[in-house]
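To start, the structure itself, in structure tokens.
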Amino acid sequence: MTERFFFDASLAGVARVLAPDHPEITYPGNGVWQLPQNAPDEEWLEVVGRNGWCAIIRDKRIRRRPSENAALERFRVRVVNVAVRRNLTSSGYVDLLERNWARLEEVLAAPPAYYHLARGGLAKLHRYPI
């Protein structure tokens, strides 16, 4: 299966746990990923957007950084920001993502937008332009 979900470096450990059951996942350092693990966000956002993937991130400030916000819009990246009030354990993040996996699949079929995933589920926050 080809990659469809990119987990950013902050969730790479979670991606490693999920990947055996979800071969559509890629993340920095998995061998398929073509950029260095410490690539600037603007670079990996371009790769994710051009490939039509969905980025799974844990970065509540990404929309407030002008260069990253511009990259989100320019490359029309589908983004799911895992935003919980307190950090979860790796198994907590795995559980949250597994419980919402069917909804994450729906994001790939929807127009590019910015989503928020919390314990209560998945919600669309913004369509482009942001």
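The values are calculated or read from the model by the stated rules, or taken from the named source; none is laboratory data. As the structure is a prediction and not an experimental result, all values here were calculated from the model. Counting neighbours? That spans all protein chains shown, and the Cβs are built from the backbone with ideal geometry, glycine included.
A few comments on the model shown:
- Residue check, residue 59 modelled with pLDDT under 90, in contact with a strand residue (DSSP E or B) (Cβ under 7 Å, 6 or more places away or on another chain), surrounded by 14 or more Cβ atoms within 10 Å (Cβ to Cβ) and not hydrophobic (A, V, I, L, M, F, W, C): yes
- When 33, 53 are screened for being among the aromatic types (Phe, Trp, Tyr) and under 11 Å from the mean Cα position of the chain (by Cα), only 53 passes.
- Those residues of the stretch 63-95 which are of a type outside the set (Phe, Trp, Tyr) and crowded, with 21+ Cβ neighbours inside 10 Å, in sequence order: 71, 72, 77, 78, 79, 80, 82
- Residue, farthest from residue 111 (Cα to Cα), within the stretch 18-72, restricted to residues that are among the small types (Gly, Ala, Ser) and touching a helix residue (DSSP H, G or I) at 6+ places or on another chain (Cβ under 9 Å): 29
- Scanning the stretch 87-123 for residues that are touching a strand residue (DSSP E or B) at 6+ places or on another chain (Cβ under 7 Å) and free of Cβ contacts under 8 Å to residues at least 12 places away in the same chain turns up just one, 123.
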